[in-house]
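Data first, discussion second: the structure below is written as structure tokens.
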Amino acid sequence: MKKIVTLLVTLAIISCSNAQKTEFSNEALSAKLLTTDRGQIPFKTLVKKHKGKTLLIEVWASWCGDCVKAMPKIHELQTNNPDVDYMFISMDKTDAQWKEGIAKYDLKGEHFMAKDQMKGVFAKAIDLDWIPRYIIVDKTGKIVLYRAIETDFDQINTTLKN
């Protein structure tokens with residue numbers, strides 16, 4: 001009986017930790033991201049700026065093989081969904097690598113960088129455990145897709161269409 005209870009508790013914890021979030025935590029909203037001109041801006045300012053539009057956020061890095069492999073899919077998304085706003089948040093180690101990646105992969109949209117990368121404040125606040133990571137925010141500012149990766153483009157497309 002103890003084993004069954006332990007199993008049920010474990011499953012409950014796992015399912016809660018992977019739950020779909022509908023809003024960003026205060027920690028995520030307060031995190032400051034670097035701008036391409038080396039300024040800093042709170043993430044909440046960026047989210048507010050896109051209210052009234054659907055926003056797709058990609059968390060990526062130029063050194064990430066899966067991110068690079070998914071770039072054609074991002075270009076396809078942008079072609080098929082021109083009314084969606086696109087924001088790219090880099091986990092690169094230097095702004096030179098980040099900016100080279102933007103140019104090399106012809107990424108159209110807004111660009112920011114988490115100054116403390118994958119183990120930093122912003123990454124922890126959005127439960128970042130893999131990149132590329134995609135988040136979709138609807139026109140009201142509600143998160144409608146919190147955790148998608150490069151193998152989830154069918155789900156991303158469906159979410160954007162709805």
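Roughly speaking, to the nearest percent, how much of segment 26-113's 1.4 Å accessible area is carbon and sulfur?
About 51 percent, which is the carbon plus sulfur part of the accessible surface.
Taking 11 Å as the cut-off, the amide N atoms of segment 113-154 that come nearer than this to a point 7 Å along the Cα-to-beta-carbon line of residue 27 belong to 120-128. Rounded to the nearest 0.05, the FRET efficiency derived from the C-beta distance between residue 53 and residue 96 at R0 = 25 Å is 0.25. Rounded to the nearest 10 degrees, the inclination of helix 65-80 to the longest alpha-carbon principal axis of the chain is 70 degrees.
Taking every protein chain into account, the accessible area of segment 33-162 amounts to 49 square angstrom per residue (probe 1.4 Å).
Summarise the long-distance tail of P(r) for segment 42-162 by giving the % of C-alpha pairs beyond 22 Å. Of the Cα pairs, 27 percent sit more than 22 Å apart. Axis angle, to the nearest 10 degrees, between helix 2-17 and the longest C-alpha principal axis of the chain: 20 degrees.
In the structure shown, do any of 51/124; 119/161; 21/104 have a Cα-Cα gap over 31 Å, and if so which?
Pairs exceeding the cut-off: 119/161; 21/104.
Per-residue extension of 0.36 nm, minus the Cα-Cα distance of residue 140 and residue 69, leaves a gain of 22.4 nm for this segment.
Helix 95-104 and the longest principal axis of the C-alpha atoms of the chain enclose an angle of approximately 80°. Annotation for segment 81-134 versus segment 138-156: alpha-carbon center distance of 16 Å.
The values are calculated or read from the model by the stated rules, or taken from the named source; none is laboratory data. Worth saying up front: this structure is predicted, and the values here are computed from it rather than measured. Heads up, the Cβs are rebuilt from the backbone with ideal geometry, glycines too, and the neighbour counts pull from every protein chain shown. Note: accessible area is taken over every heavy atom of the protein model, side chains too, but ligands, DNA and RNA are not part of it. Shrake-Rupley method; radii C 1.70, N 1.55, O 1.52, S 1.80 Å.
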